[in-house]
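Report on the structure given below.
Derivation of every value follows stated rules applied to the coordinates shown; laboratory data play no part. Keep in mind that this is a model prediction, so the values were computed, not measured. Cβ placement follows ideal geometry from the backbone for every residue including glycine, while neighbour counts extend to all protein chains displayed.
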Amino acid sequence: MDVNDPGQEPGDSILDAVNEAFEPPPQGSPPEDEDRPDHGSDDRPDDERPEPPRTRQGARGGPATPRRTGPSPARPAHPRRVTLFSASPAERRARLEHLATRGVDTGQVEAVARVLAADPDPELRILAARTLGDMAGRVPIELLARALADPHDRVRAEVVLLIAGHGEHGLHLLLPLVTERRWPATQLAALAVVPRLLAAGSRLGDPQLERFLTAVGSLDPPPMNGERPGLEAMALAIGPSRLARSLSGPDGIRRGAARLVGLSRIPAALRALAAMVEDPIDEIRMLAAAAGRIAQAGGVPASEPFPLEADRTEAESWHAEPALLGALARALGDPAGTVREQSMAAMQGIPGGQVAAWVRGTLEGAGGEEAATAALVAGRLRIVAAARSLLERAAATPLEDRGPFVAALEELGLDPDRLVRLVTELDPAHRQAGVRLAWQVGGRSILNHLPSLLADSAGAVRMAVLEVLGASGDPAAASLAAERLANDSSAAVRATAVHVLAASDASTRRTALDQAMADPDPDVRATAVETLAGGSPDLVPLLLSAIHDVDRRVWEAAMAQVAGAPNLDHGLLWETLRSLQPERRERLTEALEARNAPLLTELAAQNARVPDPAERAIALDLAARAGTSQATSLVVAALEDPDPSVRRTAAAAMNTLRSPAAVEALSKSLSDPQVEVRVEAVRALGLIDDDAVPDRLIEALKDPEVRVRDMAADALARWQSPAVARRVAAALSSPDLRRAAGEVLGRMGRVAVDALSGVAVSEDVEAAGAAGSLIERIAGPGPFIEGLSSIDPQERLRCVRILGAIGGPTASDALLGVLADPDVRVRSAAAGLLGALGYLPAVKPLRRMFLTDPVSAAAVAAERALRSLGVVPPGGEEVRVVEEVPQEQPDRPGD
Amino acid sequence: MTEATAVPTLTPMDRLSGAPELGAAELSDALASAEPAVRSDALDRAGRGPDVLEVVLDALVDPDPEVRRAAVRALVRGDGPRATRALIEVSAGDVSVIVRAEAVAALGRILEAMPPGAEPGSTEPSG
């Protein structure tokens, strides 16, 4: 069955479904759940019963038990359960909401599906569909197929989601809905789920694909913005090869395939479409030209030569309506054909003027649901007098809610002239949307009547007309747009005209670009640059001129287009680069780097040796941006350019290139007589990760120019490497470098402590002193005082020496404690250092050491220290008797 | 009245001959019957007036659709806006197709009989 067959009565289908799905249960089998359809209740219309029993017991042949327990004077005493099939909508809703909250189990699916199929309240049918969501796969597909004929769009949309739960088995039902505009919510739902089914592996057979493409090709107007994402996803799911093959099919299939390729922009299919510039169908030729431009530009151009979306407006406020007509109107949307027929018959019995007045009043004043009902009446009864109200209401309604009004307008079958005249009668605020609605309802038939609206006083209306003309691919669109571009008072309209002209041939676009570049409004100029020039090498000279435009938007757009243009003329481009101010030259270079990096190397190579030093410097800038090995060679060579400004630019360019290959050349530049060259060379060296660099930078610490020294110090300090720190620390032994190296090491911080410790224990007294001072500043004596507690005598000895290099009261106090160290070398070294430091509080401990230390070397060290402190050892040498320990040798500085 | 059978089922001949209308108390008793046919026939003979209307309105939630359908027919004969509002509710909310169809037809008849500009329910339709 074709569920979308307009001749099919939806209600009939639903009733059939119920009849088929809910045969009476076998005798004596009570319902397992109260929400099972209660076939024994006879709560069904005549045509649903196997036979119409007047007495339940007689009909069933069961015991004649009365249903009531006793009479009641006020109301029937039949106990009623709250079930999904209660006569009261409120009770049914309560029960369904309960199930929706709790979730349905397998045994309840049938009952809830019956609500979906037959409940008179659309909100309950929607709720039933949502309640079934997780169990969609258990709802019989045949029942869902019939539920797709529901008179309410939102119910159908919910059913679409349920059918999607059947996967591939539901595809044949969903596919026709993808292009079914009369039911917009349903269509949107189908557009969302069908691509997912295809992507998940469901496959379209060839006949299905052909029907689908024919339907897409038949869309009039062509795919609109709301439909595009879904159709694009469909195209991607179908795949480029099948689409490309379909481009050779009959007219309808070919047009549908071309539209999908244009939307999806899959490169392989675009190429096939681009070859169809001779197709007999105007629209396909237009799409082919656009595809060619996209393919040539290697991407998606900023211009969008496809239909533009209508604006959305807010719905009008809500008002009441005459209750009786409203009730009859709502009954037109009843799921049962019998009720709808009854309603239609009743409506036709009422004087036409009365109904028309109600329809107009409701459309103009009532809320969304009631207005939609009035639209249904207008469409079914063909109340042409309501056309203007319908259009006004549709124009004021958000896109996704316009379905009932658009459907009613279509049912009225207005001739195009009248449709366009109605647009002119709309409130100015709605005329723009009215134009798009007229296009949606009338399709191509209105195109010949639209140009009259280009005289409308509202710019938005003229824009809408141009957009529709552009989307239609009508041959007259280009000339009308060109006329608007030249003469319209509104910049927005002129910009829209530019968009329309973007779909024209190269010659027309050239003329339009010329015209637009003389436009006083920068938006028009920028739009023209972005949309008209894409992929056309012939238009590059105009774009190069636009780079000099006073407005930033224009020249930036022009640069982007130039950078993406194929086969650029090098001479013209160089002339432009040369003539630009530095900021714009920088931006153009960036644009070229992003889109066409090899071109930068070519331009640099061609101009690196021109006579003018300024041009050679520009060439070096380009080379630095290019970053290729050839470009690097150009820059390295330029480090020896006779012109200092070029050498400086070359050195600065190395900041960008950072090539190890340039270390030697940059090292030479450290001897350049020009300070600026040396500064840039040091800066560049500091950015190159090469082991040879630190030594060069340390050498630069001796440069007479403070900026060079500072730059070298900065670079070395940034290195933050122990290995580099050792090299710099070694420079402390050089009197010329000591101060600068010390500053660098101080900035390096803790990473330099190990390197400084090595110097602190060296024989070079000056260097050791400098290292000690730096260690004190960076780490303080604390770590080395702690080291005196090490069980390793070598480590204690090292710490003693470093503390000696640090000096000062804290370090000296710590050394006093070491005079009793068990290792003679350690205590001897400490004694010597205390003497060298001139630390007078050490006299007494040293005397004690001299008198009591059992090892002669230690006593000797103590004696020397005492003498350094200006104190004669107590009792002279004859008093002191010590053992000889020839192997022990005291360390500096006490020896 | 203690037994529903006190109100006998009407034959078509009975209707043509104009069986007597039932008041509120008789109607209530009849609606307490276990037999749907008794209940619906009683509604077909329902009289007029506010008391009767109350009983008829109660019958709109009868479990049997034929009985509710009869209640709808009785409402068309009823008085004023209250009956009309009830018909409107039934036309959109009753679970049975035959009841909704009956209500819609009733609303159409009310509208047909209504002079232009009159408030819904303010005119007594011909029943």
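Points to keep in mind about this one:
- Cα point-scatterer Debye curve for region A:394-529, base-10 log of I(q)/I(0) at q = 0.15 Å⁻¹: -0.70
- Rounded, prolate or oblate (a/c below 1.5 giving rounded, otherwise prolate when a/b exceeds b/c) for region A:380-445 by Cα gyration tensor: rounded
- Every pair of different Cα atoms in region A:323-413 enters the Kirkwood calculation, which places the hydrodynamic radius at 12.7 Å.
- Cα-based convex hull, region A:531-624, per residue volume (Å³, whole number): 86
- Protection proxy ranking, peptides A:91-104, A:712-725, average beta carbon neighbours within 10 Å, highest first: A:712-725, A:91-104
- If you take all other residues with their beta carbon under 13 Å from the beta carbon of A:R609, and give Lys and Arg +1 and Asp and Glu -1, the sum is -4.
- Whole-number D in µm² s⁻¹ for region A:691-780, Kirkwood Cα-pair radius fed into Stokes-Einstein, 37 °C, 0.692 mPa s: 263
- When only alpha carbons of region A:785-879 are considered, Rg and Dmax amount to 12.2, 39 Å.
- Among A:I238, A:I141, a tally of other beta-carbon atoms within 10 Å of each Cβ gives an order, fewest to most, of A:I141, A:I238.
- For region A:625-700, the calculated P(r) over all alpha carbon pairs, in 10 Å bins from 0 to the bin holding the longest distance, is 23, 59, 18, 0 percent.
- Peptide ranges A:195-206, A:668-679 listed from the most packed, as the mean C-beta count within 10 angstrom indicates: A:668-679, A:195-206
- Once backbone amide H atoms are built at 1.01 Å from N, A:S721 has no partners under 5 Å, excluding neighbours fewer than 5 places away on the same chain.
- Taking amide H as placed 1.01 Å from N in the peptide plane, the amide H of B:A46 sits under 5 Å from that of B:L22, each at least 5 places away or on another chain.
- Average other protein chain Cβ within 10 Å of Cβ, residues B:28-38: 6
- Peptide-level mean, for A:113-120, of C-beta atoms on other protein chains within 10 Å: 2
- Volume per residue that the Cα convex hull of region A:702-858 spans, once the total is divided by residue count, Å³: 101
- Averaging the sequence gap over all C-alpha pairs within less than 8 Å and six or more residues apart, then dividing by the number of residues, gives region A:785-879 a relative contact order of 22 percent.
- Look at A:T83, B:T84, A:T810 and count the other Cβ atoms within 10 Å of each Cβ; fewest to most, that gives A:T810, A:T83, B:T84.
- Summing +1 for each Lys or Arg and -1 for each Asp or Glu among the other residues whose beta-carbon sits under 13 angstrom from that of A:S734 gives -1.
- Seen through its C-alpha gyration tensor, with square-root eigenvalues sorted a ≥ b ≥ c, region A:97-222 comes out prolate because a/c lies at 1.5 or above while a/b is bigger than b/c.
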